[in-house]
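Visitor: Provided herewith is a single structure, encoded as structure tokens, for subsequent inquiry.
The values are calculated or read from the model by the stated rules, or taken from the named source; none is laboratory data. None of the values given here were measured: they were computed from a predicted structure. As a convention, Cβ positions derive from the backbone with ideal geometry for all residues, glycine included, and neighbour counts pool all protein chains shown.
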């Protein structure tokens, strides 16, 4: 699912919509849990995951940012995936060919699911944190962490 264009950033919002967003923020930040009001007047509780999505959307829109909602099965082109991960397209292609990141073909074009990009990103970030922690341990064990090192002269 993709919602695009309907939710424009701050200045494009009508004055009435900005006022409604401010009211929504007050409700979301309050002590009571908001509910949806059905056609027949029935109150429907908002499920927790949806409540978090709506909360984030309201905060982003109130700060003037556009909001796009993507399904975890959204397909990315290799260029869009590379942009998402902050790397070059050739490097991403190399990772795909090495089996580091799952992909599938649509015709002759590679596509990567958002859920796979997020998994890869989490794994990469975890590995980076572990590497930095190991480096920090080595520096500390060598007694260099608190040294009076003044840098290269």
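Visitor: So, in the stretch 5-37, how many residues would count as being at pLDDT below 85, exposed (fewer than 11 other Cβ atoms within 10 Å of the Cβ) and not in a helix (DSSP H, G or I)?
Guide: 6
Visitor: Are any residues in the stretch 95-112 crowded, with 17+ Cβ neighbours inside 10 Å and more than 12 Å from residue 77 (Cβ to Cβ), and if so, which ones?
Guide: 95, 101
Visitor: So, residue 50, is that one within 27 Å of residue 16 (Cα to Cα) and part of a helix (DSSP H, G or I) or not?
Guide: yes
Visitor: If you go through the stretch 55-94, how many residues are assigned to a helix (DSSP H, G or I), loosely packed, with under 14 Cβ neighbours inside 10 Å and in contact with a helix residue (DSSP H, G or I) (Cβ under 9 Å, 6 or more places away or on another chain)?
Guide: Within the stretch 55-94, residues that are assigned to a helix (DSSP H, G or I), loosely packed, with under 14 Cβ neighbours inside 10 Å and in contact with a helix residue (DSSP H, G or I) (Cβ under 9 Å, 6 or more places away or on another chain) number 3.
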